[in-house]
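As structure tokens, the structure follows; a few thoughts come after it.
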There are 2 protein chains.
Amino acid sequence: MRYSIVVFPSSKVQEAANSYRKRFDPAYALIPPYIRIKEPFEWAEADLPELVNHLEEVAQSTERFATRFHRVSSFHPTTNVLYFAIQNKEPFEKLHEKIAQKCVNQKETYAYVPHLTIGRDLSDDELRDLTGQLSMAKIDLETEVDRFSLVYELEDGIWSVYQTFLLK
Amino acid sequence: MRYSIVVFPSSKVQEAANSYRKRFDPAYALIPPYIRIKEPFEWAEADLPELVNHLEEVAQSTERFATRFHRVSSFHPTTNVLYFAIQNKEPFEKLHEKIAQKCVNQKETYAYVPHLTIGRDLSDDELRDLTGQLSMAKIDLETEVDRFSLVYELEDGIWSVYQTFLLK
């Protein structure tokens, strides 16, 4: 089964993100807005207890933190993804490292940059228009990160939450 | 904010349910397949700790259990909902009572009958056709229930998981 580890931000941030995702993100109906901590990875269901134990340890050794989204940015030309940029990336990077280094150490496709996707699979033209418009938009959203979630993918591409892990 | 309490069954059962929901359930893209424990209810975000504490107590005093879906049924003529019927309803009823009687004691619209919705808002004709076809189908799905989830509704009708609670 394919798993991933994500942070779902506050309902306010989710609603702000979904106002864009509804139009620009084909994954809108597959998962609520999220900040990815670990890229999707294959894991045997039989080995879930090992993974869950590791994630519990990580959660218990990580302090909750506040985070702020301060602008819209894109990964162009690497990928045509549009996202809410995160001002204080460090706590996400630490969480990513803790989780990735031990149990789930498959290599990531891209260097880890925490972000909240609001659009993807955009054409170059669409992306240029949108980044032009949205670079003017005043983005100032805050969320407290006090938990992360282990999610898994159903065969139709929909992601379901397996378990939430509360930070200290 | 509007909350609800649900059980997400195993991935196998979710995939079986989604093969019907994709066609017959307008909520397909809003939430993965679930067995409702508590109807949606209003709850102040500020009072979440009280609710979470109560749910933790309920989880810690409830043994995990196995459940079996053995046929397709409908609530017609009360509502045109099509669902996987649950053979052993008792553990769900107990969970429902424990949660409903103390903290979240708003009245339910319908008497509590645990079920897994696979179709809703069907016309009488559609429902008759489907129940005719599906009453022949051999349904024999099992899932272990070892957790339930507190979920909340975003303004676009999508449900997001706030926290999972593990049974004993």
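The values are calculated or read from the model by the stated rules, or taken from the named source; none is laboratory data. The structure presented is a predicted model; accordingly, all values stated were derived computationally and were not measured. Virtual Cβ from ideal backbone geometry, glycine too; neighbours counted across all protein chains shown.
Those residues that are surrounded by fewer than 14 Cβ atoms within 10 Å (Cβ to Cβ) and in contact (Cβ under 8 Å) with a residue 24 or more places away in the chain, I need them from the stretch A:146-158; list them, please.
A:Gly157 - this is the single residue of the stretch A:146-158 that is surrounded by fewer than 14 Cβ atoms within 10 Å (Cβ to Cβ) and in contact (Cβ under 8 Å) with a residue 24 or more places away in the chain.
If you check A:Thr79, A:Thr143, which single one turns out to be polar (S, T, N, Q) and away from chain B (no Cβ under 14 Å)?
Answer to the selection: A:Thr79.
If only one of A:Thr117, A:Thr143, A:Thr131 is touching a residue at least 24 places away in the same chain (Cβ under 8 Å), part of a helix (DSSP H, G or I) and hydroxyl-bearing (Ser, Thr, Tyr), which one is it?
Exactly one of A:Thr117, A:Thr143, A:Thr131 is touching a residue at least 24 places away in the same chain (Cβ under 8 Å), part of a helix (DSSP H, G or I) and hydroxyl-bearing (Ser, Thr, Tyr), namely A:Thr131.
Looking at B:Ala66, is it farther than 22 Å from A:Ser11 by Cβ and surrounded by 16 or more Cβ atoms within 10 Å (Cβ to Cβ)?
No, not satisfied.
Check B:Glu45, B:Glu50, B:Glu15, B:Glu39 and return the single one that is of a type in the set (Asp, Glu) and over 28 Å from A:Ala29 (Cα atoms).
B:Glu50
Of everything in the stretch A:1-56 that's in contact (Cβ under 8 Å) with a residue 12 or more places away in the chain, surrounded by fewer than 16 Cβ atoms within 10 Å (Cβ to Cβ) and of a type in the set (Asp, Glu), which residue is farthest from the other protein chains (Cβ to nearest Cβ)?
Among those that are in contact (Cβ under 8 Å) with a residue 12 or more places away in the chain, surrounded by fewer than 16 Cβ atoms within 10 Å (Cβ to Cβ) and of a type in the set (Asp, Glu), it is A:Glu50.
From (1) surrounded by fewer than 20 Cβ atoms within 10 Å (Cβ to Cβ); (2) in contact (Cβ under 8 Å) with a residue 24 or more places away in the chain; (3) not in a loop (DSSP other than H, G, I, E, B); (4) not aliphatic (A, V, I, L, M), pick out the condition that doesn't hold for B:His76.
It is condition (3) that B:His76 fails.
State whether one or more residues within the stretch B:83-106 are farther than 28 Å from A:Val52 by Cβ, at pLDDT 95 or above, assigned to a loop (DSSP other than H, G, I, E, B) and of a type in the set (Lys, Arg).
Yes; the residues of the stretch B:83-106 include at least one that is farther than 28 Å from A:Val52 by Cβ, at pLDDT 95 or above, assigned to a loop (DSSP other than H, G, I, E, B) and of a type in the set (Lys, Arg).
Restricting attention to the stretch B:151-168, which residues are assigned to a loop (DSSP other than H, G, I, E, B), touching a Ser or Thr at 6+ places or on another chain (Cβ under 8 Å) and facing another protein chain (nearest Cβ under 9 Å)?
B:Leu154
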